[in-house]
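What follows draws every value from the coordinates through simple rules; no lab data is involved. Small disclaimer: the values here were computed from a predicted structure and weren't measured. Glycine gets a Cβ as well: all are built from the backbone with ideal geometry, and neighbour counts include every protein chain shown.
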Amino acid sequence: MEKEFRKKLSRFAQIFKEAQDQGKREADTVMYITEFIHDVLQYDIFKEISKEYQVKEKYCDIAIKLDGQVIILVEAKPPGLKLVDRHIEQVENYAMRSGTEWAILTNGCEWRLYHLSFSDDSGVERALVFKTDLLNSFIENPADVISKLLLLHRKSFLKGELSKPISGLKAGAFGQEDEWPTLRSGMPFIPRLKSLGFSGMTYKFVGDRRSGIVHGSLIGMQKCRIREIPTVSLVFFDPDTLEQATAKGFAPCPACLPFNQKIT
């Protein structure tokens, strides 16, 4: 499947590049993205893809469905527009109204996947799962782009590729644009301290009282054992820095902290 997937990505990379060069409008982008979702991601264009999907009195650009239920909302922008986080705010409102936890922000060239969670106290909380693009990144590191966009494929969704990583966890917003280095290893462990009886904020470094290891909570790595820490063994640091954790005698996790050195 991966070989065919790569071939289709190459074709659409050219389509979106031409759309960018020609200054195509948002309406054109929606049409191209709809075809991408159908042809590349393999959702049924008649039963599983809805354009101008109505959420109460508002409309979302595209909704992807399975068994009649909306699973992903898509916010489309013109190919030449640089994407920023505020562009996803509109679809966050739609997601909250429809109870949808996944949202895509894309201009065809760049793709961003977000996980959204909701609470009465803090409203919508957003976590950037990945961002990638079909232009430079696809040329420089096609395997990385393929692995990320394959997560959106119909078969991957049916297998629970997106749901498995956050099973049993409460995802919280971490307010930064760093993408996760290994998507197939799972979502970052981002403990919502409110659910653990702490203040309602997110900690970047989490210690394991049993092992004396400190983990970076913003990045999920396959060999990292942060998800195995029982609640009673969680340790947090004040200030929330790696230096403070090591000063308390905790050793950095070799699996995840090489990617967290800048998060201090």
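For the reader, a short list of remarks on this structure follows.
- Counting charges near Tyr43 (Lys, Arg +1; Asp, Glu -1) among other residues having Cβ under 13 Å from its Cβ returns a value of 0.
- Efficiency of FRET between Arg97 and Asp67 - r from beta-carbon atoms, R0 22 angstrom, step 0.05: 0.65
- q = 0.16, 0.20 Å⁻¹: log10 I(q)/I(0) that the Debye formula gives for segment 2-162, counting C-alpha atoms only: -0.88, -1.42
- Remark: segment 6-66 carries a charge dipole of roughly 220 debye about the Cα centre, counting +1 on each Lys and Arg Cβ and -1 on each Asp and Glu Cβ.
- Local electrostatic count, Lys248, Cβ distance below 14 Å [Lys/Arg +1, Asp/Glu -1]: -3
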